[in-house]
Amino acid sequence: MENNGCWVIVGGAFGDEGKGKIISYLALKKNPAIAVRGGVGPNAGHTIVYNGRTLKLRMLPCAVVNEKTQLFVGAGVLVDPEVFLKEIAETSSSARTKVDRNCAVIEKKHVEIDREGHLKEVIGTTGTGTGPANSDRILRIGKLAKDDDRLKSYIDNTSCRINSALDRKELVLVEGTQGSLLSLYHGDYPYVTSKDVSASGICSDIGVGPKRVKEVLVVFKSYTTRVGSGALEGELSPEETVKRGWQEYGSVTGRLRRAAPFNFKLAKESITLNSATQIALTKLDSLFPEASSVREFERLPEKAKNFVFEMEMELSTPVVYIGTGPDAEDIIERKVESRTW
Ligand code: IMP
Ligand code: MG
């Protein structure tokens, strides 16, 4: 696979698939000229390790880990200026970060509405103001980034920059947020987020047309988690979740995530919805402890290899990246030609 063109990375389930780790790996290994964040807004927290520090990015693209990469936030994304500026300061990335002029801005009132009544009690949102801000945007009474003084020095035209980079045959990483099964259109409404977050929605956010996309990389975790309300087939008790070592806490909300075994039926839906060309599978070491920190496919235990083969057969898509531990380098990268189905 050549390192050029538009690669879209999206979550295959309910968010928290480990996209941050996969994107940081790609950013360091493939040297993208540009990385752009699509998706809803600061309701997503992507965990990365940067200069020895663990950061939970809610606004910036995870490709910030590569200092040569230019960073953008797409027009469809909601910007919380405080979170945006804080992350720029934390990563010293002021000189290479831009936000689209047409991003809508999250205001205090949006956060307040998101933290009470229906949204809090029934949906179990992240309480970051994204749903109410999208609602104002649709009513066409929202405030835009270009009209916010705090963002003045960061305003740009994201779609224009990305399409020019693609004209120059550069590599553009497009970072999706949440997971496809939380899509407003394709998920189990009303237990969904406030936008479409499938690959098509993410491309719309950043202003790139469907014919320009080269790779769609869908990220799955080796087991399923979900925060907030909505169905989760095969949901384990909190005790069983801890026993299996699958306990996780929300990076934005701190809530214990609900957990269940990997669901091939949902994964198949997600592959179709996104027109996936590749799969990244994270946390294989959580299913098979002997896989921990293994960096060559051949060295994986048989059981772990068979799980990967089964996934490729069931989903007819190559598993190209496999996460085997928390370290940024704990990743197996396979040749696409090594497909098994
Ligand atoms: P909202 O996006 O904050 O409105 O929340 C709607 C639903 O999506 C809730 O169930 C949230 O827990 C879930 N959600 C939103 N963003 C994420 C994410 O990045 N990871 C996991 N769940 C999310
Ligand atoms: Mg997350």
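The values are calculated or read from the model by the stated rules, or taken from the named source; none is laboratory data. Only a predicted model underlies this, so the values are computations on that prediction, with no experimental measurement involved. Neighbour counts run over all protein chains shown; Cβ positions are idealised from the backbone, glycine included.
Annotation note: Cβ proximity below 9 Å between a residue of segment 144-155 that is part of a helix (DSSP H, G or I) and a residue that is acidic (Asp, Glu) and crowded, with 19+ Cβ neighbours inside 10 Å (sequence gap 6+ or interchain) occurs for ALA145/ASP100; LYS146/ASP100. Taking the numbered list (1) away from ligand 1 (no atom under 16 Å from the Cβ); (2) closer than 20 Å to LEU182 by Cα; (3) among the hydrophobic types (A, V, I, L, M, F, W, C) in turn, ILE332 passes all entries but (2). Could you tell me whether any residue of segment 66-77 is within 16 Å of ligand 2 (Cβ to nearest atom) and either under 25 Å from ASP149 (Cβ atoms) or at pLDDT below 95 (or both)? Yes.
Kindly check whether there is at least one residue in segment 320-329 that is loosely packed, with under 12 Cβ neighbours inside 10 Å, modelled with pLDDT under 95 and within 24 Å of LEU28 (Cα to Cα). For segment 320-329, residues loosely packed, with under 12 Cβ neighbours inside 10 Å, modelled with pLDDT under 95 and within 24 Å of LEU28 (Cα to Cα): present. Would you please name the residue that is surrounded by the fewest Cβ atoms within 10 Å (Cβ to Cβ), looking only at residues in segment 1-48 that are within 15 Å of ligand 1 (Cβ to nearest atom), hydrophobic (A, V, I, L, M, F, W, C) and part of a helix (DSSP H, G or I)? The extreme case among them is ILE22.
Scanning segment 283-292 finds one or more residues that are over 27 Å from VAL172 (Cβ atoms), hydroxyl-bearing (Ser, Thr, Tyr) and surrounded by 15 or more Cβ atoms within 10 Å (Cβ to Cβ).
Within 25 Å of SER164 (Cα to Cα), within 16 Å of ligand 2 (Cβ to nearest atom) and among the hydroxyl-bearing types (Ser, Thr, Tyr) - does that describe any residue in segment 38-56? Scanning segment 38-56 turns up no residue that is within 25 Å of SER164 (Cα to Cα), within 16 Å of ligand 2 (Cβ to nearest atom) and among the hydroxyl-bearing types (Ser, Thr, Tyr).
Sort out for me the strands (runs of 3 or more DSSP E) sitting completely within segment 169-285 that have 3 or more residues that are within 16 Å of ligand 1 (Cβ to nearest atom) and in contact (Cβ under 8 Å) with a residue 60 or more places away in the chain. Talk me through it step by step, then tell me what you get.
On the way: elements: 171-175, 213-221, 223-226, 258-261, 278-282.
Correct list: 213-221, 223-226.
Within segment 306-341, being assigned to a helix (DSSP H, G or I) and either in contact with a Phe, Trp or Tyr (Cβ under 7 Å, 6 or more places away or on another chain) or under 26 Å from ASN51 (Cβ atoms) (or both) holds for GLU312, MET313, GLU314.
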